[in-house]
1. How many residues, within the stretch 179-226, are under 15 Å from Lys14 (Cβ atoms) and over 22 Å from the mean Cα position of the chain (by Cα)?
2. Is there a residue in the stretch 212-219 that is more than 20 Å from Tyr127 (Cα to Cα), touching a residue at least 12 places away in the same chain (Cβ under 8 Å) and not in a loop (DSSP other than H, G, I, E, B)?
3. Just need a number here: residues in the stretch 165-196 that are free of Cβ contacts under 8 Å to residues at least 40 places away in the same chain and out of contact with any Gly (no Cβ under 7 Å at 6 or more places or on another chain).
4. Return only the number of the condition from (1) at pLDDT below 85; (2) within 25 Å of Gln32 (Cβ to Cβ); (3) basic (Lys, Arg) that Lys136 does not satisfy.
5. Just checking, which of His140, His85 is farther than 23 Å from Glu185 by Cα and touching a residue at least 24 places away in the same chain (Cβ under 8 Å)?
6. Report every pair of residues separated by at least 6 positions or lying on different chains whose Cβ atoms are under 7 Å apart, first residue within the stretch 28-42 and at positive phi, second modelled with pLDDT of 85 or more.
7. For the stretch 121-133, check the following and say yes or no: at least one residue is free of Cβ contacts under 8 Å to residues at least 60 places away in the same chain and assigned by TED's automatic domain parsing to the domain that holds Asn233.
8. What number of residues within the stretch 216-237 are within 15 Å of Ala200 (Cβ to Cβ) and either surrounded by 16 or more Cβ atoms within 10 Å (Cβ to Cβ) or β-branched (Val, Ile, Thr) (or both)?
Amino acid sequence: MSSTATLLSTSTPKAIFVNLDVGFFDPDYPIQQTLSILRDQSQVLTKRSLLELVTAYKTIQDQPNDKKNSTDEAVEAEKIQKFHHLLDLPAPTPDASKDFCNTYQTVYNENRLVVEKTLLVLRQNDYKIVIIVKGKGDAHMAKINAIGILPLVDRVITSAEAEQFKKDYSVFQYAVEELGIRSWEAFMVGGSLEGDVQGALSVELKPILYMPTHRDSHYFLGNLPIPVIQDLNQLLEFLLNGSSPPEK
């Protein structure tokens, strides 16, 4: 029997509710990972904190492109030049710019494959994948399409559809009722203690907290231990083994 076949198998409906804003779905995640890798390798970038690097790059990324006929490579090279200038760092060499682009593409592809693999394994083990989002659905559907996971998602539920804001928690009850499941047979994966964990607990969903900076296997909410994961591999390990994520 394969390891995936042991995934808490029951005959009852099971579901994984996921906040779309959780880190591994976030389009900024590859940028954060790329800058973290390059900062460790570069004597120039190491002069700035990771937060400073990410903030600066997002600032440049949000600026409109004035050179509409430029190639993608030229546009990216110009962004990296502006990024260094904004941080008051020496201009990057052509090799440094190329290294940035190659590292980003590698991180992006690896992250996308991990997300797809994780959702596929969960579906193969009879889990319904439900994404819960704040607001209306159009922009979120575009994001889900961009990530490439739409075929692996059973349902997208918006707070607008539930006629509630996510922080009001009614969207969680609405989601449970829409799926026709018992709440204690479902998990909620999110990165917000107030919005995701408290919301899950309010309707007896099992919360799993995505918190990359927390190195323990649990976060204590009062006396209540909440399982913590830093990446999707840990989510699968947690569900496959039915035990806490490993300590780091």
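The values are calculated or read from the model by the stated rules, or taken from the named source; none is laboratory data. As the structure is a prediction and not an experimental result, all values here were calculated from the model. A quick note on method: Cβ atoms are made from the backbone with ideal geometry, for glycine too, and the neighbour counts reach across all protein chains shown.
1. 8
2. Scanning the stretch 212-219 turns up at least one residue that is more than 20 Å from Tyr127 (Cα to Cα), touching a residue at least 12 places away in the same chain (Cβ under 8 Å) and not in a loop (DSSP other than H, G, I, E, B).
3. Within the stretch 165-196, residues that are free of Cβ contacts under 8 Å to residues at least 40 places away in the same chain and out of contact with any Gly (no Cβ under 7 Å at 6 or more places or on another chain) number 13.
4. (2)
5. Details: His85 fails: touching a residue at least 24 places away in the same chain (Cβ under 8 Å).
The match here is His140.
6. Once the first residue is at positive phi and sits in the stretch 28-42, no partner that is modelled with pLDDT of 85 or more comes close enough.
7. Initial filter on the stretch 121-133 (free of Cβ contacts under 8 Å to residues at least 60 places away in the same chain): 123.
If we keep only those that are assigned by TED's automatic domain parsing to the domain that holds Asn233 as well, we get 123.
Yes, because at least one residue in the stretch 121-133 is free of Cβ contacts under 8 Å to residues at least 60 places away in the same chain and assigned by TED's automatic domain parsing to the domain that holds Asn233.
8. So the count comes out to 6.
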